[in-house]
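Inspection log for the structure reproduced underneath, given as structure tokens.
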Amino acid sequence: MSRTARRSAPKKRRTSRQTRYQALLRDPRWQRKRLEIMQRDGWQCRQCGATDKELQVHHRWYRGAPWEVPGTALVTLCIGCHGRQRRHERPLSRSR
């Protein structure tokens, strides 16, 4: 085995389900809904209050297409809180 082969981690292959979901997230209807949620949340992370980090919209649950989910199931999180949320799947605080 070459040195390069030992150093590089195996690449995670996307499943067709992940690929389809990524395509849905590029849909203009989701982009519009995403911006509405971020505006509703005051352009800040609902978990830590950050305004200077990349913001993402987290689905608390899924039902149908991403843009068909009710606003109560969506929350704005910074990239750090979103990553922790996905790893631990702990409930979000209701503050802010």
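The values are calculated or read from the model by the stated rules, or taken from the named source; none is laboratory data. This is a predicted model, so every value here is computed, not measured. Cβ: placed from backbone, ideal geometry, glycine included. Neighbour counts: every protein chain shown.
Residues of the range 59-73 being closer than 20 Å to ARG87 by Cβ and in contact with a strand residue (DSSP E or B) (Cβ under 9 Å, 6 or more places away or on another chain), which ones?
Passing the criteria: HIS59, ARG60, ALA73.
Considering each residue of the range 74-96, count those that are touching a strand residue (DSSP E or B) at 6+ places or on another chain (Cβ under 7 Å), outside any strand (DSSP E or B) and modelled with pLDDT of 90 or more, and give that number.
Within the range 74-96, residues that are touching a strand residue (DSSP E or B) at 6+ places or on another chain (Cβ under 7 Å), outside any strand (DSSP E or B) and modelled with pLDDT of 90 or more number 2.
I want to confirm something. Restricting to the range 51-66 and keeping residues that are buried (at least 17 other Cβ atoms within 10 Å of the Cβ) and of a type in the set (A, V, I, L, M, F, W, C), which single residue is farthest from GLN31 (Cα to Cα)?
Of the range 51-66, the ones buried (at least 17 other Cβ atoms within 10 Å of the Cβ) are 55-58, 66.
After this cut, where a residue has to be of a type in the set (A, V, I, L, M, F, W, C) as well, the list is 55, 57.
Values: LEU55: 13, VAL57: 10 Å.
Result: LEU55.
Can you tell me which residues in the range 59-73 are more than 19 Å from GLN18 (Cβ to Cβ) and assigned to a loop (DSSP other than H, G, I, E, B)?
Passing the criteria: ARG60, PRO70.
Modelled with pLDDT under 90 and part of a helix (DSSP H, G or I): is that true of ARG17 in this structure?
Answer is yes for this residue.
Could you please give the count of residues in the range 25-58 that are farther than 20 Å from GLY80 by Cα and part of a loop (DSSP other than H, G, I, E, B)?
2
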